[in-house]
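Peer 1: Mind having a look at this structure? Questions to follow.
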Amino acid sequence: MNATSSNPNNPKQDKNSGVSDSSMNTPSTDNSTMVGQQMWGGRFSEATDSFVAAFTASVGFDQRFARHDIEGSIAHATMLKECQILSEEDVATIIDGLKQVLAEIEAGEFNWSVTLEDVHMNVESRLTDIVGAVGKKLHTGRSRNDQVATDIRLWLREETDNIIALLIRLQRGLLGLAAQHTDTIMPGFTHLQTAQPVSFGHHVMAWFEMLYRDTERLIDARRRINQMPLGSAALAGTTFPIDRTITAELLGFEGICQNSLDAVSDRDFAIEFTAAASILMMHLSRMSEEIILWMSAQFNFVQIPDRFCTGSSIMPQKKNPDVPELVRGKAARVFGQLTTLLTLMKNQPLAYNKDNQEDKEPLFDCVDTLTGSLLAFADMLPNIVPNKDSMREATMKGYATATDLADYLVRRGVAFRDAHEVVGNAVALGIQEGVDLSDLSLAQLQSFSDAIGDDVFDYLTLEGSLAARDHLGGTAPNQVRQAIERAHARIDALEA
């Protein structure tokens with residue numbers, strides 16, 4: 001597996017921002033929390049209970065929004081300047097201060113405080129420490145409600161782009177693997193019983209199609225992620241003469257949320273992403289199941305490199321497919337996060353509620369789990385080595401060319417249902433004698449139908465069976481090669 005500087009399974013690490021547990025101080029808890037320390041304390045007559053302060057704080061996990069929060073604040077301040085709500089001098093001071101805050105965070109020198117609840121208040125408080133009272137002007141015309149909704153979208157947009165890039169890398173690896181094995185014969189299965197011959201390349205291309213749909217889903221979901229809620233303030237908008245189009249352009253949003261109530265309370269985009277992630281993980285789990293079966297001694301179809309496997313502490317012969325097994329298990333984890341988000345949102349009245357603080361950790365874990373799984377598969381799948389002899393031998397065991405014999409009879413004028421019965425009788429004889437259809441004599445075959453000629457054996461070979469399915473989507477080697485060429489073009493179009 002390629003080395004990476006981030007841990008994709010650590011929900012408190014942002015691999016893109018450089019902001020991680022190792023570069024952040026643990027949030028401090030002050031048991032003597034005093035009224036007025038909070039950014040909202042003016043209305044309160046007694047201190048927040050220290051347990052409540054810790055219980056309701058999100059700074060322990062929403063620190064990973066720090067860079068996106070500061071990017072949003074810089075854009076917001078710039079818009080306030082353009083709309084002549086704040087002076088050019090004040091905004092220049094605020095932006096310089098925000099850049100210093102980000103530098104401290106990335107250097108691991110920032111002191112996170114639970115008393116200040118979340119990433120937004122921590123950043124704003126430190127900004128005010130640096131630039132003085134002018135820092136308090138930054139929050140003009142916005143609320144934490146539209147601020148956090150913006151941060152989530154900025155972060156998830158970036159993570160979605162990273163995941164799409166990983167998906168495309170994995171798909172290109174599969175295309176390379178399929179191209180090597182357009183003629184490698186294996187049994188195709190239904191009900192996990194041998195059905196018809198296919199090529200390993202054709203099977204790999206089925207995996208590709210699953211992932212291509214996943215890519216399309218994520219690209220489509222990205223459009224709805226990339227809508228800007230900033231400017232909606234707490235729920236009703238703001239009385240200041242803001243221009244949301246300026247902020248949207250600065251932050252690269254392709255649209256603006258049209259209703260302030262909906263904008264601050266909507267988490268559909270996160271649920272949609274997690275649903276797409278669940279379908280993708282379901283596909284990876286199905287692939288994992290096949291690899292696990294195929295690696296068993298009973299199948300012996302494929303091997304994956306040792307670096308993706310582990311051994312046994314007691315059984316020296318064991319080579320365990322830990323990576324696909326773990327990915328199969330992690331699918332359940334992502335499904336659970338989808339259920340969490342759906343349940344979280346199902347009974348919330350408009351607009352924002354504190355419940356929504358619970359949206360972040362499931363989303364973080366979903367992204368981290370999916371990213372780690374794709375990283376593993378992008379390295380592992382292209383390096384699968386099929387055991388061609390075992391695959392061919394298994395294909396010969398299941399009367400995989402029975403349908404070819406039925407089709408042959410139909411072309412000779414036999415009604416399909418009659419042909420089906422003829423072939424069933426021939427298979428029964430093969431089972432009785434312990435031989436394949438191709439090993440029965442011409443006389444034996446002709447005893448079931450006088451429509452069978454001496455050319456029948458051309459249709460009972462595995463190679464003949466593959467070659468006969470020579471149409472779009474079929475398993476004929478030349479069709480698989482054409483499918484690979486088209487797939488490369490489709491991926492190129494996605495990246496264009």
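Peer 1: If we scan region 267-279, do we find a residue that is modelled with pLDDT of 95 or more and among the basic types (Lys, Arg)?
Peer 2: Yes: region 267-279 contains one or more residues that are modelled with pLDDT of 95 or more and among the basic types (Lys, Arg).
Peer 1: Now a separate question. For region 240-255, check the following and say yes or no: at least one residue is of a type in the set (S, T, N, Q), at pLDDT 95 or above and within 30 Å of residue 343 (Cβ to Cβ).
Peer 2: No: zero hits.
Peer 1: Scan region 446-457 for residues that are free of Cβ contacts under 8 Å to residues at least 40 places away in the same chain and not in a helix (DSSP H, G or I) and jot them down.
Peer 2: 447, 448, 450, 454, 455
Peer 1: Of all the residues that make up region 85-103, how many are open to solvent by 10 Å² or more (accessible area, probe 1.4 Å) and under 17 Å from residue 142 (Cβ atoms)? Reasoning before the result, please.
Peer 2: Restricting attention to region 85-103, the residues satisfying the condition of being open to solvent by 10 Å² or more (accessible area, probe 1.4 Å) are 85-90, 92-93, 95-96, 99-100, 102-103.
Next, only the ones that are under 17 Å from residue 142 (Cβ atoms) stay: 85-86, 90, 95.
Residues flagged as open to solvent by 10 Å² or more (accessible area, probe 1.4 Å) and under 17 Å from residue 142 (Cβ atoms) within region 85-103 amount to 4.
Peer 1: Name the residue that is least open to solvent (accessible area, probe 1.4 Å), counting only residues in region 458-489 that are part of a loop (DSSP other than H, G, I, E, B) and among the polar types (S, T, N, Q).
Peer 2: Of everything passing the filter in region 458-489, 475 is least open to solvent (accessible area, probe 1.4 Å).
Peer 1: Of the conditions (1) touching a residue at least 24 places away in the same chain (Cβ under 8 Å); (2) open to solvent by 20 Å² or more (accessible area, probe 1.4 Å); (3) over 46 Å from the mean Cα position of the chain (by Cα), residue 443 satisfies every one except a single condition; which number is it?
Peer 2: Going through (1) touching a residue at least 24 places away in the same chain (Cβ under 8 Å); (2) open to solvent by 20 Å² or more (accessible area, probe 1.4 Å); (3) over 46 Å from the mean Cα position of the chain (by Cα) one by one, residue 443 breaks only (1).
Peer 1: Check 183, 151, 129 and return the single one that is in a helix (DSSP H, G or I) and open to solvent by 30 Å² or more (accessible area, probe 1.4 Å).
Peer 2: 129
Peer 1: I've got another one for you. Collect the residues in region 143-189 that are among the aromatic types (Phe, Trp, Tyr) and under 26 Å from the mean Cα position of the chain (by Cα), keeping them in residue-number order.
Peer 2: Across region 143-189, the qualifying residue is only 155.
Peer 1: Residue 106 is checked against (1) surrounded by fewer than 24 Cβ atoms within 10 Å (Cβ to Cβ); (2) more than 31 Å from the chain's Cα centre (by Cα); (3) more than 19 Å from residue 231 (Cα to Cα) and fails just one. What number does that condition carry?
Peer 2: The number of the failed condition is (2).
For every residue, the table says whether it meets (1) touching a residue at least 12 places away in the same chain (Cβ under 8 Å); (2) buried (at least 21 other Cβ atoms within 10 Å of the Cβ); (3) on the phi < 0 side of the Ramachandran plot.
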| residue | (1), (2), (3) |
| --- | --- |
| 333 | yes, no, yes |
| 339 | no, no, yes |
| 351 | yes, no, yes |
| 370 | yes, yes, yes |
| 390 | yes, no, yes |
| 401 | yes, yes, yes |
| 412 | yes, no, yes |
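Peer 1: Pairs needed: first member in region 298-324, assigned to a loop (DSSP other than H, G, I, E, B); second member anywhere, hydroxyl-bearing (Ser, Thr, Tyr) and loosely packed, with under 13 Cβ neighbours inside 10 Å; C-beta distance under 8 Å; at least 6 residues apart or different chains.
Peer 2: Qualifying pairs under 8 Å: 318/312.
The values are calculated or read from the model by the stated rules, or taken from the named source; none is laboratory data. Small disclaimer: the values here were computed from a predicted structure and weren't measured. Neighbour counts run over all protein chains shown; Cβ positions are idealised from the backbone, glycine included. All accessible areas refer to the heavy atoms of the entire protein, side chains included, with ligands and DNA or RNA removed. Shrake-Rupley method; radii C 1.70, N 1.55, O 1.52, S 1.80 Å.
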